[in-house]
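The values are calculated or read from the model by the stated rules, or taken from the named source; none is laboratory data. Nothing here was measured: the structure is a model prediction, and the numbers come from that model. When we count neighbours, we look across all protein chains shown, and the Cβ atoms used for this are built from the backbone with ideal geometry, even at glycine.
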Amino acid sequence: MRIFFRKTLELFGWKLMGEFPDVKKSVVIIAPHTSNWDFAIGRFYLNAIGISNNTLMKKELFIFPLNIILKGLGAIPIDRNNKKTSVVTQTVSMFNNRENLNLFIAPEGTRKRKTNWKKGFYYIAKEANVPIVVSFIDYEKKEIGMKCIVNNTNSFDETMQEITEYYRDINAKYPDNFCLDKRYN
C-alpha cells in the first residue's frame, strides 16, 4: 500500500521530503493549514512513508457511523468542554498511557488567517516530555515532509522562534490565510 500512496502523490507532482524521526511518541505540527486538502494530502504522505498517526477531534463528531471512519483514520475524541480537565491535560494523559503516539496538530488552530498560533501543542510536548516534529506542506513547490525535530521545550519563546524560522519559506495553498506567529516573525 505504501507504494500506491507514494506513486499517487508523485503522479500529482508532489515530492516527499525528509525522514520521519525514529521516535515512538511526538507532537507533530503541520503547517500551513489553509485548506481541507491539507488533511487528504497529509494522509497520503503518512501512508506513503508508513507512519501511524493520530489527530484530536471534538468528541461530538464521534457518532455512529462516523465514529468508525474517524477512529479508522486515527482520530482521537477529545472533550473540549470538560471543565475539570483541560485538553492539554487530557492529551498528556494519552501520551502517558500509550506506548506509541505521534499526534498531529495544526498549530494555527484553523484554516483562517491567525496572527497568533495556539500554544497547546507546545504545552502538550513539554508536559508529556516528547519532541516536537516540524512538518510542512508547500503548495508552490509541491513538497510535503519533515523539516526537523525540536527537543528543547524549556522556553516557549525560544521554541517558537526556532519553529517560525522553519516555516519562513513555506507556501500555503491559500497564502492570504497563512501567517507566521506575529510574536516571533
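Conditions tested, residue by residue: (1) closer than 30 Å to Phe12 by Cβ; (2) touching a Pro at 6+ places or on another chain (Cβ under 8 Å); (3) surrounded by fewer than 21 Cβ atoms within 10 Å (Cβ to Cβ).
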residue	(1), (2), (3)
Lys84	no, no, yes
Val87	no, no, yes
Thr91	no, no, no
Val133	yes, yes, no
Glu143	yes, no, yes
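Considering Ser93, Ser135, the condition of being more than 21 Å from Pro32 (Cα to Cα) and either touching a residue at least 60 places away in the same chain (Cβ under 8 Å) or over 16 Å from the mean Cα position of the chain (by Cα) (or both) is satisfied by Ser93 alone. If the condition is being assigned to a loop (DSSP other than H, G, I, E, B), of a type in the set (A, V, I, L, M, F, W, C) and modelled with pLDDT under 95, then the range 1-31 contributes Met1, Phe20, Val23. Within the range 140-152, the residues that satisfy the criterion of being without any contact (Cβ under 8 Å) to a residue 40 or more places away in the chain and more than 17 Å from the chain's Cα centre (by Cα) are Glu140, Asn152. Residues in the range 1-33 that are touching a Lys or Arg at 6+ places or on another chain (Cβ under 7 Å) and within 19 Å of Leu103 (Cα to Cα): how many? The number of residues fulfilling the criteria is 2.
Which residues, taken from the range 11-37, are surrounded by 14 or more Cβ atoms within 10 Å (Cβ to Cβ) and among the hydrophobic types (A, V, I, L, M, F, W, C)?
Trp14, Leu16, Met17, Phe20, Val23, Val27, Val28, Ile29, Ile30, Ala31, listed by residue number.
Residues in the range 161-185 that are surrounded by 19 or more Cβ atoms within 10 Å (Cβ to Cβ) and either within 19 Å of Phe121 (Cα to Cα) or touching a Cys at 6+ places or on another chain (Cβ under 7 Å) (or both): Ile163, Tyr167, Phe178, Leu180, Asp181. Taken together, the criteria place Ala40 among residues that are aliphatic (A, V, I, L, M), surrounded by fewer than 18 Cβ atoms within 10 Å (Cβ to Cβ) and not in a strand (DSSP E or B). Within the option set Phe136, Phe121, Phe104, Phe95, being within 15 Å of Ile170 (Cβ to Cβ), aromatic (Phe, Trp, Tyr) and not in a loop (DSSP other than H, G, I, E, B) holds for one residue only, Phe136. Scanning the range 4-63 for residues that are over 14 Å from the mean Cα position of the chain (by Cα) and closer than 17 Å to Phe95 by Cα returns Asp22, Val23, Lys24.
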